[in-house]
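Colleague: The structure is given below, and queries will be raised subsequently.
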Amino acid sequence: MNKATRKTIIAGNWKMNMTPSEAAVAVKETAELVKGKNGCEVVLCVPYVDIATAVAAAAGTNVKIGAENVHFEAKGAYTGEISASMLTECGVEYVIVGHSERRQYFGETDKTVNLRTKAALNAGLKVILCLGEVLEERQAGITEEIVSMQTKLDLAGIPAEQMKNVIIAYEPVWAIGTGLTATPEQAEEVCAIIRGVIAKLYGEEIAEATTIQYGGSMNDANAAELLAKKNVDGGLIGGASLVPAKFAKIVDAAQA
Ligand code: PGA
């Protein structure tokens with residue numbers, strides 16, 4: 001296991017926060033604070049309506065802009081949805097797929113997560129594919145089975161050559177927005193399990209090259225010890241990404 005074989009990625013997930021004008025300010029502030037911090041990739045995933053101002057504010061900086069979801073069809077009668085080519089044309093490089101809030105509140109299944117992932121990859125987007133167990137599953141001792149199943153179903157049919165654009169975010173659902181963070185040992189254990197599944201599906205080399213983030217109440221106080229784990233290659237950060245100073249400290253923690 002060698003972290004040097006893969007990119008560390010610190011990504012913010014703003015969720016349903018920030019208007020376009022607020023986004024412009026927050027992206028500029030974040031970019032100023034993370035300037036020259038090239039030890040990791042820095043991404044802010046923003047609401048669709050913020051994309052234009054966020055991309056403009058991030059121009060010429062080391063901050064990349066992502067979206068928070070994408071539809072799997074190229075076009076058509078899908079009221080309220082956004083296609084991958086709409087995102088790429090707006091300057092989006094990354095997209096979150098399969099976030100637990102989408103799965104919990106909007107009926108996403110591993111099937112739709114898989115379809116969305118394929119559509120995004122085919123359009124040239126980098127996908128931050130989220131998966132993780134709910135509390136009852138952890139308490140029942142089936143975390144390994146759940147994340148293995150999600151990894152296999154969500155990546156079904158995705159060819160090896162597209163894996164370079166897939167980032168996995170391990171997000172235990174019980175840790176999201178709750179202030180309950182997985183311990184570094186818990187995060188490491190599950191990220192290693194996911195890497196093992198990728199190795200079975202795609203071989204060791206691709207598994208070793210795949211960035212696996214931890215997400216769930218990661219903040220400026222706990223990031224360093226989580227990121228120190230050999231299978232934790234970054235973070236997907238919700239609440240703390242809304243505060244540029246806090247988010248920048250997490251980026252700092254990823255420079256080591
Ligand atoms: P949180 O969210 O950092 O607020 O727990 C993480 C996420 O949902 O990606």
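No lab work stands behind these numbers, since they all come straight from the coordinates. Keep in mind the model is a prediction, meaning the values are calculated, not measured. A quick note on method: Cβ atoms are made from the backbone with ideal geometry, for glycine too, and the neighbour counts reach across all protein chains shown.
Colleague: Within the group Glu41, Glu22, Glu29, Glu73, which residue is under 14 Å from the mean Cα position of the chain (by Cα) and on the phi < 0 side of the Ramachandran plot?
Modeller: Going through Glu41, Glu22, Glu29, Glu73 in turn, the sole match is Glu41.
Colleague: When you scan the stretch 191-212, do you find a residue that is within 13 Å of the ligand (Cβ to nearest atom) and among the aliphatic types (A, V, I, L, M), even just one?
Modeller: No - not one qualifying residue is present in the stretch 191-212.
Colleague: Can you name the residue in the stretch 155-182 that is in contact (Cβ under 8 Å) with a residue 40 or more places away in the chain and in a helix (DSSP H, G or I) and, of all such residues, is farthest from the ligand (Cβ to nearest atom)?
Modeller: Ala160
Colleague: Among the residues of the stretch 24-40, is there at least one that is under 25 Å from Met163 (Cα atoms), aliphatic (A, V, I, L, M) and either in contact with a strand residue (DSSP E or B) (Cβ under 6 Å, 6 or more places away or on another chain) or without any contact (Cβ under 8 Å) to a residue 40 or more places away in the chain (or both)?
Modeller: No, the conditions are met nowhere in the stretch 24-40.
Colleague: If a residue must be outside any loop (DSSP other than H, G, I, E, B) and more than 10 Å from the ligand (Cβ to nearest atom), how many such residues does the stretch 213-247 contain?
Modeller: Number of matching residues: 10.
Colleague: Among the numbered criteria (1) surrounded by 17 or more Cβ atoms within 10 Å (Cβ to Cβ); (2) in a helix (DSSP H, G or I), which single criterion is violated by Glu185?
Modeller: (1)
Colleague: Now for a different question. Name the residue, out of Thr151, Thr178, that is hydroxyl-bearing (Ser, Thr, Tyr) and surrounded by fewer than 17 Cβ atoms within 10 Å (Cβ to Cβ).
Modeller: Thr178
Colleague: In addition: Every residue in the stretch 92-108 that is touching a residue at least 60 places away in the same chain (Cβ under 8 Å) and over 15 Å from Gly177 (Cα atoms), please.
Modeller: Once the filter is applied, which keeps residues that are touching a residue at least 60 places away in the same chain (Cβ under 8 Å) and over 15 Å from Gly177 (Cα atoms), the stretch 92-108 yields Tyr94, Ile96.
Colleague: Turning to a different aspect of this structure: Go through Glu93, Glu73, Glu108 for me and flag whichever is within 16 Å of the ligand (Cβ to nearest atom) and charged (D, E, K, R).
Modeller: After applying the criteria, what remains is Glu108.
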